[in-house]
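This report refers to the structure that appears directly beneath it.
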Amino acid sequence: MNRIGSHDHCHGNHLRIRGAMGHAEMKFSTERPYADPEKAARKILEIANATEAIQDGRIHIEKINAPMLYKEGASPAEYGAGLRFAIDKGWLLLHESGTFVKFTPAGAELFA
C-alpha cells in the first residue's frame, strides 16, 4: 500500500506521484525547455541571429530548424509553436514559400 507522497514507477518517461489526497498525479522526469513557446521562439531568434543572412536579409529556414531540432532537441511541435510565436509577436517574417525568414525591425531590436 502506498502512503501519501510516495512514488510509483510507471511505464515511459514519467513518475507517478501520490498527492496529498492519495490520488496519482503524473510528473514527467525529463524537462522540455522548449515546451514554452516563448522560450522556443527566443531560441529560434538566437539561432537566426547567429546565422549569416543571404540576399536581402533572408535566412534559410533549414539553417534554423536543423539546429533547433537536432542540436537543441526541440520536438517538431515545440519548434512549430516557437516559430509561430515569433511570427505572431512580429519578430520574424516567414516568406509565403516557407523557405526563409527575415527579422522585422522589432525582432532585430531584441539583439541591438
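The values are calculated or read from the model by the stated rules, or taken from the named source; none is laboratory data. The structure displayed is predicted, hence computed values, not measured ones. Note: ideal-geometry Cβ built from the backbone for every residue, glycine included; neighbour counts use all protein chains shown. SASA here: full protein model, heavy atoms, side chains in, ligands and nucleic acids out. Shrake-Rupley method; radii C 1.70, N 1.55, O 1.52, S 1.80 Å.
Go through the stretch 73-90 and count every residue that is touching a Phe, Trp or Tyr at 6+ places or on another chain (Cβ under 7 Å) and either over 12 Å from Lys43 (Cβ atoms) or charged (D, E, K, R) (or both). Even if it seems obvious, please write down each step before you answer.
Initially, the stretch 73-90 is screened for residues touching a Phe, Trp or Tyr at 6+ places or on another chain (Cβ under 7 Å), giving 74, 78, 82.
Those left that are additionally either over 12 Å from Lys43 (Cβ atoms) or charged (D, E, K, R) (or both): 78.
Result for the stretch 73-90: 1.
Yes/no per residue for (1) in contact (Cβ under 8 Å) with a residue 40 or more places away in the chain; (2) open to solvent by 60 Å² or more (accessible area, probe 1.4 Å):
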{"position": "Glu46", "(1), (2)": "no, yes"}
{"position": "Glu62", "(1), (2)": "no, yes"}
{"position": "Tyr70", "(1), (2)": "no, yes"}
{"position": "Ser75", "(1), (2)": "yes, no"}
{"position": "Val101", "(1), (2)": "yes, no"}
{"position": "Ala106", "(1), (2)": "no, no"}
{"position": "Leu110", "(1), (2)": "yes, yes"}
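Give the residues of the stretch 32-43 that are crowded, with 21+ Cβ neighbours inside 10 Å and touching a Pro at 6+ places or on another chain (Cβ under 9 Å), sorted by residue number.
Residues satisfying the conditions are Ala40, Lys43.
For the stretch 68-110, name all the residues that are more than 24 Å from Asp56 (Cα to Cα) and part of a strand (DSSP E or B).
Listed by number, the list is empty, since nothing qualifies.
Anything in the stretch 48-60 that is open to solvent by 60 Å² or more (accessible area, probe 1.4 Å) and assigned to a helix (DSSP H, G or I)? List them, or say none.
Matches in the stretch 48-60: Asn49, Gln55, Asp56.
Does Asp88 qualify as being more than 16 Å from Pro33 (Cα to Cα), modelled with pLDDT under 95 and open to solvent by 40 Å² or more (accessible area, probe 1.4 Å)?
On the way: more than 16 Å from Pro33 (Cα to Cα): yes; modelled with pLDDT under 95: no; open to solvent by 40 Å² or more (accessible area, probe 1.4 Å): yes.
In short, no.
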